[in-house]
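*Asks:* Got a structure here, written out as structure tokens. Questions coming.
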Amino acid sequence: MKLLHAMLTGALALLCLGGPAASDEVNPSATSTMTLHLQGPVDAAFAMFDPVHESLWSPHWRPRFLGTRTVAEGLVFVTTGHTSAQTVWLLDRYDAAARRLRYINVSGARTLTQLDISVAPRGAAASDATLRLVETALDPAALPDVRSSVHGFPAEAPHWEAAIDSVLRTRS
């Protein structure tokens, strides 16, 4: 936890210090939202977004948990992506009753990402999951990657829906 706090503090310091005046800066952040229409009850659908259950529908999702695997606020884990950059994740908010969670991650000291997820019922056997991604370039060279990632985020919806629905069908 101290490592993650230090990384986040350092990342925020990079954003706040030493750059051009705020009026001259290019916005280092970009935001995107997508909504998934899932064919499963809300509680089952919500579980698909926690870091333990995501591996049920995403075969490349292999988090390494630092400490406990208990899904709760403060859970820290590490992933390695397609670029081999290590990403440190914090489950910053987890509210099962409200079916809301938030991840914050730092990837390769280049980007800081916030992912807010909320799942709401759409009848008794269907759900809608809204995912809001905010990605910030910590390094000016990462800005094109941030913009590309955020721009492509909504295009992932059909893949995510199909993958999650295939699990939800087998669990209902």
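*Asks:* Applying the Karplus parametrisation 6.51 cos²θ - 1.76 cosθ + 1.60 with θ = phi - 60° to the phi angles of the stretch 47-60, what ³J(HN,Hα) value in whole Hz is obtained for each residue in order, glycine and proline being reported as x?
*Replies:* 4, 5, 9, 7, x, 7, 7, 4, 5, 5, 10, 10, x, 8
*Asks:* Residue by residue through the stretch 70-81, what is 3J(HN,Hα) from phi via Karplus (6.51 cos²θ - 1.76 cosθ + 1.60, θ = phi - 60°)? Round to whole Hz and write x for glycine and proline.
*Replies:* For the stretch 70-81, the Karplus curve yields 5, 6, 6, 3, x, 4, 10, 8, 10, 10, 10, x Hz.
*Asks:* Here's another thing I want to ask about it. Exactly which chymotrypsin sites (Phe, Trp or Tyr not before Pro) in the stretch 52-86 are in a DSSP loop and have at most 13 other Cβ atoms within 10 Å?
*Replies:* W61
*Asks:* What shape does the stretch 69-172 have by the C-alpha gyration tensor, where a ≥ b ≥ c are the square roots of the eigenvalues, rounded means a/c under 1.5, and otherwise prolate means a/b greater than b/c and oblate the rest?
*Replies:* Prolate shape, in that a/c is at least 1.5 and a/b is the bigger ratio.
*Asks:* So, one more: Rounded, prolate or oblate: pick one for the stretch 23-135, where a ≥ b ≥ c are the square roots of the eigenvalues of its C-alpha gyration tensor, a/c under 1.5 means rounded, and failing that, prolate if a/b is larger than b/c, else oblate.
*Replies:* oblate
*Asks:* Could you run the Karplus curve 6.51 cos²θ - 1.76 cosθ + 1.60 with θ = phi - 60° over the stretch 31-36 and give me ³J(HN,Hα) per residue in whole Hz, x for Gly and Pro?
*Replies:* Listing the rounded values in order: 10, 8, 9, 9, 10, 9 Hz.
*Asks:* I would also like to ask the following. Can you list residues whose amide H is under 5 Å from L75's amide H, if they're 5+ apart or on another chain and H is modeled 1.01 Å from N?
*Replies:* Distant-sequence amide H within range of L75: L91.
No value in this document is a laboratory result; all are computed from the given coordinates. It should be emphasised that the depicted structure is a prediction, and the values quoted were computed from it without experimental measurement. Glycine also receives a Cβ, built like all others from the backbone with ideal geometry; neighbour counts cover every protein chain displayed.
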